[in-house]
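All of the numbers you see were taken from the coordinates with simple rules; none came from a lab. This is a predicted model, so every value here is computed, not measured. Counting neighbours? That spans all protein chains shown, and the Cβs are built from the backbone with ideal geometry, glycine included.
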Amino acid sequence: MNTSEYIANYLRETEEIARTLPKDEIEKAVEILCKVKSEQGRLFILGVGGSAANASHAVNDFRKIGGIETYAPTDNVSELTARTNDEGWDTTFTEWLKISHINNKDVVMVLSVGGGNDHASPNIVAALKLAKECGASVISIVSRDGGYSKQVSDACVLIPVVDESRITPHAEGYQGIVWHLLVNAL
């Protein structure tokens, strides 16, 4: 495939995803975020890899534009790496959330390509279990089959898979589109 064909395919896939996003789940997410804002709860955004970078950007937008107290545990690299070294990767997010006193007024938002399972992102899975135990709401923006995030989310925006070889770029690109939509809908 030449460059011109690749570009045309990628943009066609991008259009297809936009047409097929689950609008009902996006609407649920807006309702949850409006509630957390009105009740002065907090938003905790979890992501790993490229999704961690997206989480950092989303924190800025939800705080500055959306007016919601928002945090991402990956923004504090010193704490993240100390917890990973001392306690293990699986508990990095749960221990951070415990120190933050996560409660039923809060929301955990997951940005993830696969949503977490037994083999990938075990720290996200553990954090979601804790969030549900504490009565926090869960919003996820994920792809593939949604993983554990989809199973426990109060609103799950599942980014459709249109080409197996480009799941990650489409999933991480659409995380940005969806969170910008959510922030500006508040």
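Quick notes on this one:
- Pairs exceeding 20 Å between alpha-carbon atoms, taken from K28/K105; K37/K150; K28/K98: K37/K150; K28/K98.
- Relative contact order of the chain: 25 percent, from C-alpha pairs under 8 Å at least 6 residues apart in sequence.
- Mean residue ellipticity (222 nm) of the chain, computed from DSSP H runs ≥ 4 via -39,500 (n - 2.57), nearest 500: -18000 deg cm²/dmol
- Separation of alpha-carbon centers, the stretch 19-58 and the stretch 139-164, rounded to whole Å: 13 Å
- Projecting the Cα atoms of A53, V107, H119 onto the charge dipole of the stretch 3-185 (Cβ charges, centred on the Cα centre) puts V107 farthest toward the positive pole.
- For the chain, the longest principal axis of the alpha carbon atoms and the long axis of helix 167-185 meet at an angle near 60°.
- Most mobile of T168, T92, T84 in a GNM of the chain (Cα contacts under 10 Å): T84
- With the biggest extent put first, the Cα atoms of the stretch 33-85 measure 38, 19, 14 Å across the principal axes.
- Other-chain or far-sequence residues with amide H under 5 Å of L46's (modelled H): M109, V110, L111
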